Amino acid sequence: MNPRIMALAVAILAAVVAAGGLAFMFLPVMAPNQQQAASSQGPVIGGPFELVDDTGKAVTDEDFRGDFLLVFFGFTHCPDVCPTTLGEIAATLDRLGPQAGRVQPLFISVDPARDTPAGLREYIKAFDPRIVGLTGTPEQIKAVTKDYGVYYAKADGSDGSGGTSDGTYSVNHSSITYLMGPDGAYLRTFSYGTSPEKMAEAIAAQIAESG
Ligand code: NI
């Protein structure tokens, strides 16, 4: 081998070994950062919120720590999706039996202009009084829906959809139910139409896993 090429090969080998050693040295230091990067890769669902419950009291997410949360977004004038989902959540609680005591369903309004705390309470009790209604200022609702990745849009006829001549309107909204852990962390979602049997089974499994 040409001595020059030999020297170059040795230099390259030395550089590779040095780089490997450096990487090895930094690996334990970098690991926590890499973990953070991994956990923030997907969208983080949920988070802190400030809202008003259906008794008119200001509440935050921390008031619900310790309970599994079933979080659903909707509005009391909803013709179909909300009544169906609330009925299914009520049936899920019934199926869970005593374990339902570990679960707090939350119905968060995407129509705060019409959904007063008292109106929410009156509406929800027809399904199951264990469900808690939450409303708030338009800004508070905007913040919590953003954190959960919930879509909602007033359909007042301005775009040719929804709305009526008497000024009433509908609100289009996502129909996903979120299951959050006792620490407030996101666990999973249930798509619209998931049967109470399946929901109760999945929630019971999470409760069993939490010990
Ligand atoms: Ni609805």
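The values are calculated or read from the model by the stated rules, or taken from the named source; none is laboratory data. This one's a predicted model, so the numbers in the text were calculated from it and none came from an experiment. Note that each Cβ is placed from the backbone with ideal geometry, even for glycine, and that neighbours are counted across all protein chains shown.
Screening Asp147 with (1) part of a helix (DSSP H, G or I); (2) within 20 Å of the chain's Cα centre (by Cα); (3) within 16 Å of the ligand (Cβ to nearest atom) gives one miss only, at (3).
The set of residues in region 54-69 being under 20 Å from Thr116 (Cβ atoms) and hydrophobic (A, V, I, L, M, F, W, C) consists of Ala58, Val59. Quick one: Leu187 ticks every box in (1) under 22 Å from Asp61 (Cα atoms); (2) in contact with a Pro (Cβ under 9 Å, 6 or more places away or on another chain) except a single one, so which number is it? Only one criterion is unmet by Leu187, namely (2). Within region 45-96, the residues that satisfy the criterion of being in a strand (DSSP E or B) and not acidic (Asp, Glu) are Leu51, Val52, Ala58, Val59, Thr60, Phe68, Leu69, Leu70, Val71, Phe72, Phe73, Gly74. Just one of the numbered conditions (1) away from the ligand (no atom under 15 Å from the Cβ); (2) assigned to a helix (DSSP H, G or I); (3) closer than 21 Å to Thr194 by Cα is not true of Arg121: (3).
Within 16 Å of the ligand (Cβ to nearest atom) and buried (at least 20 other Cβ atoms within 10 Å of the Cβ), is that true of Leu51?
Spelling it out, it is not the case that Leu51 is within 16 Å of the ligand (Cβ to nearest atom) and buried (at least 20 other Cβ atoms within 10 Å of the Cβ).
A residue that is among the hydroxyl-bearing types (Ser, Thr, Tyr), surrounded by fewer than 19 Cβ atoms within 10 Å (Cβ to Cβ) and assigned to a loop (DSSP other than H, G, I, E, B) occurs somewhere in region 97-118. Lys154 fulfils the conditions (1) modelled with pLDDT of 95 or more; (2) not in a loop (DSSP other than H, G, I, E, B) except for a single criterion, (1). Being in contact with a strand residue (DSSP E or B) (Cβ under 6 Å, 6 or more places away or on another chain) and either without any contact (Cβ under 8 Å) to a residue 24 or more places away in the chain or assigned to a helix (DSSP H, G or I) (or both) is the filter here; which residues of region 124-143 pass it? Hits for region 124-143 are Ile124, Gln140.
Going by what's in this entry, would Asp128 be described as of a type in the set (Asp, Glu), within 14 Å of the ligand (Cβ to nearest atom) and at pLDDT 95 or above? No; evaluated as a whole, the condition is false for this residue. Going through region 74-88 one residue at a time, which ones are touching a residue at least 60 places away in the same chain (Cβ under 8 Å), near the ligand (Cβ under 8 Å from one of its atoms) and either surrounded by fewer than 22 Cβ atoms within 10 Å (Cβ to Cβ) or not β-branched (Val, Ile, Thr) (or both)? Matches in region 74-88: Gly74, Phe75, Cys78, Pro79, Val81. Give region 89-118 a look and list any residue that's within 16 Å of the ligand (Cβ to nearest atom) and either over 17 Å from the mean Cα position of the chain (by Cα) or modelled with pLDDT under 95 (or both), or say none. Selection gives Ala90, Asp111, Pro112, Ala113, Arg114, Asp115.
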